[in-house]
Amino acid sequence: MFEDRHGRRANGLAGFCAALGLVALLGGCANMDQQQTQPQQPQPDTSANSGSANGAGNNAAPAVSAPVTRTVTKTSYVRVRRGDTLARIAQNQGVSVKDLAAWNKLKPASKLRAGQSIKLVSTQTITVQAAAPQAGGASGANAADAREVAAEVSRHANSVALVWPARGHVVEPFAPGETRGIEIGGKSGDPVIAAADGKVMYAGTGLNEYGSLIIVQHNKDFLTAYSHNRRLLVKTGDTVHQGQQIAEMGSESNDRVAVLFEVRRDGKPVDPMPYLPTPQS
């Protein structure tokens, strides 16, 4: 059965775009030229298994641009325990009651429910870098494979055939206007796989609410997103295949270990369940 969570409501397409700064990608991702991807995206960790995951065994690590230091906003959550108040949580977390109430759109004297999630916002300095074009290009097989996926990405489609991005139970279902997708629970480090062939349009960390995030475009109309990962195994611009491991499950900017899996059609969140095989047992 599904597990409900209090206090976690999606901000919809506007919030998604604001958090990522990728309005063009989500509103019409197929029309965005590769050169339009953000030049200062965080670089995912591509060591260990990334070569085998791509199935081609890259001979050299991708070149990267010079690292850039940025200050980002980080969101995390704490679960309310019986007897907790905003004042007690604020004291435990080293923040002011006023800020805590504002982050959660509550009054300082608001009563809390056991099990409710309370948002914490902080700023932190991170070092980010973007992948640079590989010198010499890809091998013939890789280039042909990339062209095939690129051709599919450039086509319009009425649907997309997906596989489950992780093993585990759905711990939060899709609710139109309330949630962005479904959450699939698991253990830290569990594989997160590409639900279909496509091109990685974004892979990075430090973005508000999403934690470590991967966005894969499958065709002109559909893309999928995978959030809260512990570790990313692909980078922006990679070609991925259905069933390929792209990340390790985690709890980045989340209050439990799970992958938030989104399906977006023309930039709008839709229920992933009709696009997936029979629910996992």
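When GLU248, GLU183, GLU209 are checked against the criterion of being among the acidic types (Asp, Glu), surrounded by 24 or more Cβ atoms within 10 Å (Cβ to Cβ) and part of a strand (DSSP E or B), a single residue qualifies: GLU183. On inspection, THR224 passes the criterion of being closer than 29 Å to ALA144 by Cα, in contact (Cβ under 8 Å) with a residue 24 or more places away in the chain and under 10 Å from the mean Cα position of the chain (by Cα).
Only one residue in ARG167, ARG155, ARG147, ARG180 is free of Cβ contacts under 8 Å to residues at least 40 places away in the same chain and not acidic (Asp, Glu), so which one is that? Being free of Cβ contacts under 8 Å to residues at least 40 places away in the same chain and not acidic (Asp, Glu) holds for just one of ARG167, ARG155, ARG147, ARG180, which is ARG147. Is it fair to say ALA90 is surrounded by 16 or more Cβ atoms within 10 Å (Cβ to Cβ) and either at pLDDT below 75 or part of a helix (DSSP H, G or I) (or both)? Yes: the conditions hold for ALA90.
Yes or no, residue by residue, for (1) touching a helix residue (DSSP H, G or I) at 6+ places or on another chain (Cβ under 8 Å); (2) over 17 Å from SER159 (Cα atoms):
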{"position": "GLU178", "(1), (2)": "no, yes"}
{"position": "GLU183", "(1), (2)": "no, yes"}
{"position": "GLY186", "(1), (2)": "no, yes"}
{"position": "ASP190", "(1), (2)": "no, yes"}
{"position": "GLY198", "(1), (2)": "yes, no"}
{"position": "THR205", "(1), (2)": "no, yes"}
{"position": "SER212", "(1), (2)": "no, yes"}
{"position": "VAL216", "(1), (2)": "no, no"}
{"position": "THR224", "(1), (2)": "no, no"}
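Scanning the stretch 123-142 for residues that are exposed (fewer than 12 other Cβ atoms within 10 Å of the Cβ) and either modelled with pLDDT of 75 or more or in a helix (DSSP H, G or I) (or both) gives GLY140, ALA141.
The values are calculated or read from the model by the stated rules, or taken from the named source; none is laboratory data. This one's a predicted model, so the numbers in the text were calculated from it and none came from an experiment. Cβ atoms come from the backbone with ideal geometry, glycine included; neighbour counts cover every protein chain shown.
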